[in-house]
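Novice: Let me begin by handing over the structure; questions about it come next.
The values are calculated or read from the model by the stated rules, or taken from the named source; none is laboratory data. Predicted model only: the values in this text are computed from it and were never measured. Here the Cβ positions follow ideal geometry from the backbone for every residue, glycine too, while neighbour counts run over all protein chains shown.
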Amino acid sequence: MVERISKLLIANRGEIAVRIIKTCRKLGIKAVAIYTQVDASAMHVRLADEAYSLGSDPYSYLDVHKIIEIVKRSGVDAVHPGYGFLSEKAVFAKAVEDAGVIWIGPRWSVIEMLESKSITRSIAHSLGIPVVPGTLGPITLAEARKVADELGFPVLLKADRGGGGRGIRIVRSPEELERLFKVAVEEIKTSFGSDKVYVEKFIPRARHIEVQILADQHGNVIALSERECSIQRRYQKVIEEAPSPIITESERMKIYDYSIRFMKHIKYSNAGTIEFIRDENGNLYLIEVNKRIQVEHPVTEMITGVDIVEQQIKIAEGRELEIKESIYKFNGHAIEARVYAEDPNTMLPSPGIITWLEFPRNEYVRIDHALAPGIEISHFYDPMIAKVIAWGSTREEARLRLVKALSEFKINGIKTSIPLLIDILVTREFIEGKFDTQFLTEFLNKRKSPR
């Protein structure tokens, strides 16, 4: 049964909230914003049809009870969680559904199952989809010692639940294992309320590849494209692109097949992303599933012409996917650079008030942001303030357009990572597509070294 959404609450802030509002307007849906006192004059509040205060606590975007109260009071038909915050919390999805409101995402029971990376690994393994060698379930310190000896050092300790790079530690020797095991457990207890970790073999010089999936409630699943996400710092992505410059056509078909097979098996619906690691020999391993829209979704939109947020809303309404090809054709190349309110030399946050803005103007360049003169960039929230995405008929054309756009993007009042992003994009390694997940760490270390 198709349920038309006429009013939608966005349980998020910043650029993703603004991004969702734009699609709501396109579809004739009223957008409802929520905000904390810190965000009272934020762009997503200004643009929404209605806005409700969460109070003075800057972390109220994580308060399920407060948000559900607003959901009921505002009379919305649906809730879109964006990314981050509560977007992958089964308890929030269930609370929305229990309130009789449409949740724009996978069912809460699917989220709950996939919150465990161990369960995800076990499902993939049972389907014959390769996973990184390691344990299929959480382990004790004693078990970790045994498994690490069998796998050979270095190994990775990884949080069974959570994300954002927290709870991940590279263990390079038996002597480090006990200390780093305790550090990882304490970190994830604080961050995610869980103390479960598992062990994977550490894969050096890995490429981080992910596949964008759309799945409706009628069993139809499509792969839109893959994305390259190897330019990252502390497991946080900095530059992404689609398609990947390293993936061959046969590898592409393989990971599309893995992704579609996995999502069909678990009866997934809505947008989701399957993440893979590719080693130096071209072996591909499934590592986890992201159960929401991704920060980097614009590069996929740029090469496919598909509005992923629009598709999320239509799927949640119960509609069948209009796209019938299980593997969608893409056109050209797109690269995204995340702009952070950070000192490009020290990587330290640079909160403050924006005093002046100048955006690049190019029909092949898209900027997702929530910026305006007078807007305060607060230290309470993630320092990513914008995404600059460039399309080209070739990868090199997209790269050159992105470099030009970044050089023309002027922000006064705060420091930004724009100079660093340009420096990365003009390196020989990036131009040739010869980089891996260690590239940015090594690049930054070289920048710090005395010449």
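Novice: Would you check which residues across region 28-50 are out of contact with any helix residue (DSSP H, G or I) (no Cβ under 6 Å at 6 or more places or on another chain) and surrounded by fewer than 18 Cβ atoms within 10 Å (Cβ to Cβ) and list them?
Specialist: Within region 28-50, G28, Q37, A40, S41, R46, D49, E50 qualify.
Novice: Filter region 98-132 for residues that are acidic (D, E) and part of a loop (DSSP other than H, G, I, E, B) and give the result. So that I can check it myself, show each step before the final result.
Specialist: Narrowing region 98-132 to residues acidic (D, E): 98, 112, 115.
E115 - this is the single residue of region 98-132 that is acidic (D, E) and part of a loop (DSSP other than H, G, I, E, B).
Novice: Go through region 266-307 and count every residue that is farther than 24 Å from L86 by Cα, in contact (Cβ under 8 Å) with a residue 12 or more places away in the chain and polar (S, T, N, Q).
Specialist: The qualifying residues number 2.
Novice: Now, a different point. How many residues does region 1-27 contain that are over 23 Å from V339 (Cβ atoms), of a type in the set (V, I, T) and touching a helix residue (DSSP H, G or I) at 6+ places or on another chain (Cβ under 7 Å)? Walk me through how you get there before you give the answer.
Specialist: Filtering region 1-27 down to residues over 23 Å from V339 (Cβ atoms) leaves 1-9, 11, 24-27.
Narrowing further to those that are of a type in the set (V, I, T): 2, 5.
Then drop every residue that is not touching a helix residue (DSSP H, G or I) at 6+ places or on another chain (Cβ under 7 Å), which leaves 5.
Result for region 1-27: 1.
Novice: I've got another one for you. Scan region 90-112 residue by residue and report those that are crowded, with 18+ Cβ neighbours inside 10 Å and either aliphatic (A, V, I, L, M) or at pLDDT below 95 (or both).
Specialist: Those that are crowded, with 18+ Cβ neighbours inside 10 Å and either aliphatic (A, V, I, L, M) or at pLDDT below 95 (or both): A90, A93, A95, V96, V101, I102, I104, V110, I111.
Novice: Can you find a residue in region 158-181 that is part of a helix (DSSP H, G or I), of a type in the set (F, W, Y) and either touching a helix residue (DSSP H, G or I) at 6+ places or on another chain (Cβ under 6 Å) or surrounded by 13 or more Cβ atoms within 10 Å (Cβ to Cβ) (or both)? Explain how you work it out, then say what you get.
Specialist: Start the filter on region 158-181 by keeping residues that are part of a helix (DSSP H, G or I), which leaves 174-181.
Filter once more, keeping what is of a type in the set (F, W, Y): 181.
With the extra rule that they be either touching a helix residue (DSSP H, G or I) at 6+ places or on another chain (Cβ under 6 Å) or surrounded by 13 or more Cβ atoms within 10 Å (Cβ to Cβ) (or both), the set shrinks to 181.
So far as region 158-181 goes, yes, one or more of its residues are part of a helix (DSSP H, G or I), of a type in the set (F, W, Y) and either touching a helix residue (DSSP H, G or I) at 6+ places or on another chain (Cβ under 6 Å) or surrounded by 13 or more Cβ atoms within 10 Å (Cβ to Cβ) (or both).
Novice: Name the residue, out of S244, S250, that is without any contact (Cβ under 8 Å) to a residue 12 or more places away in the chain, small (G, A, S) and over 30 Å from W108 (Cβ atoms). First the steps, then the outcome.
Specialist: On the way: S244 fails: without any contact (Cβ under 8 Å) to a residue 12 or more places away in the chain.
Residue meeting the stated conditions: S250.
Novice: Only one of L127, L180, L136 is more than 19 Å from A206 (Cβ to Cβ) and modelled with pLDDT of 95 or more; which?
Specialist: Details: L180 fails: modelled with pLDDT of 95 or more; L136 fails: modelled with pLDDT of 95 or more.
Result: L127 is the single residue among L127, L180, L136 that is more than 19 Å from A206 (Cβ to Cβ) and modelled with pLDDT of 95 or more.
Novice: Mind listing just one residue for me: the one in region 80-106 that is of a type in the set (D, E, K, R) and touching a strand residue (DSSP E or B) at 6+ places or on another chain (Cβ under 9 Å) and, of those, nearest to I313 (Cα to Cα)?
Specialist: Looking at residues that are of a type in the set (D, E, K, R) and touching a strand residue (DSSP E or B) at 6+ places or on another chain (Cβ under 9 Å), I get E97.
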